[in-house]
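Every number in this text was worked out from the coordinates using simple rules, so none of it is lab data. Since the model is a prediction, treat every value here as computed from it, not as a measurement. Positions of Cβ are generated from backbone atoms using ideal geometry, with glycine treated the same way; all protein chains shown enter the neighbour counts.
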Amino acid sequence: MKIIAFGGSNSQHSINKQLATYAANLFENAEVEVLDLNDFAIPLFSVDLEKEIGKAEKAQLFLDKIGTADVLVISLAENNGNYSAAFKNLFDWSSRIAKDVFQQKPVLLMATSPGPRGGASVLEIAKNAFPRYGAQIKGTFSLPVFTSNFDLDKNQISNPEMDTTLKGLIKDSF
């Protein structure tokens, strides 16, 4: 089984990329590829720019990567209650190439944040929107107060209850 994982942020120290990486590596007998949104940086989407350049090559590359997956593990950053600009831009360009961005792949959808809501707003938005773009959401997980619940040295969830919840979700849903 091949898992494509990514955090919905272009931060070099993305806590969502760290959570997605951890979760993806919990799947048994899986080959894991972690994407970095910085590898898919493209100009800000507009229909005028699309007319000028056509399809964005990096958006096509992103779609090609998704196509290689058996499972997607996505952890979204929350910026002012919504997707990060970096993710939204890549998503917009990708959806212009293929509306079925997530290509009917099973998805573990997650979010984390420094605050107590753990990206709950962006998680709810994505949970409602992503199925219209081909995501088969099999489970959702929110990790609040990242710095208190994730051990950066060990690269794992440090809160035993939350760790058990995530592991159970993966075992029961995938």
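Listing for the model above:
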{"quantity": "Test result for PRO144, over 12 Å from the mean Cα position of the chain (by Cα), free of Cβ contacts under 8 Å to residues at least 60 places away in the same chain and closer than 18 Å to ALA20 by Cβ", "calculated": "yes"}
{"quantity": "Unique residue being over 15 Å from ILE66 (Cβ atoms), among the hydrophobic types (A, V, I, L, M, F, W, C) and either crowded, with 17+ Cβ neighbours inside 10 Å or in contact with a Lys or Arg (Cβ under 9 Å, 6 or more places away or on another chain) (or both) when the list is VAL122, VAL101, VAL145, VAL107", "calculated": "VAL122"}
{"quantity": "Residues within the stretch 47-94 that are in contact with a Lys or Arg (Cβ under 8 Å, 6 or more places away or on another chain) and polar (S, T, N, Q), tallied", "calculated": "3"}
{"quantity": "Counted residues, the stretch 14-53 - those being under 19 Å from GLY168 (Cα atoms), free of Cβ contacts under 8 Å to residues at least 24 places away in the same chain and either of a type outside the set (Asp, Glu) or crowded, with 20+ Cβ neighbours inside 10 Å (or both)", "calculated": "1"}
{"quantity": "Leading residue by the ranking (nearest to the chain's Cα centre (by Cα)) among those in the stretch 25-52 that are acidic (Asp, Glu) and closer than 26 Å to LEU108 by Cα", "calculated": "ASP36"}
{"quantity": "Set ILE97, ILE66, ILE157, ILE170: member being in contact with a Leu (Cβ under 7 Å, 6 or more places away or on another chain) and over 20 Å from ALA5 (Cβ atoms)", "calculated": "ILE97"}
{"quantity": "Tabulated pairs, the stretch 72-100, first closer than 14 Å to PHE45 by Cβ, second β-branched (Val, Ile, Thr) and surrounded by fewer than 24 Cβ atoms within 10 Å (Cβ to Cβ), C-beta under 7 angstrom, 6+ apart or interchain", "calculated": "ASN89/ILE42; LEU90/ILE42; PHE91/VAL101; TRP93/ILE42; SER94/VAL101; SER95/VAL101"}
{"quantity": "Residues of the stretch 148-174 satisfying the condition of being in contact (Cβ under 8 Å) with a residue 60 or more places away in the chain and either among the polar types (S, T, N, Q) or touching a Gly at 6+ places or on another chain (Cβ under 6 Å) (or both)", "calculated": "ASN155, GLN156, LEU169, SER173"}
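Residues checked against (1) part of a helix (DSSP H, G or I); (2) touching a strand residue (DSSP E or B) at 6+ places or on another chain (Cβ under 9 Å); (3) of a type in the set (A, V, I, L, M, F, W, C):
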site	(1), (2), (3)
GLN12	no, no, no
ASN16	yes, yes, no
GLU28	no, no, no
ILE42	no, no, yes
GLU52	yes, no, no
LEU63	yes, no, yes
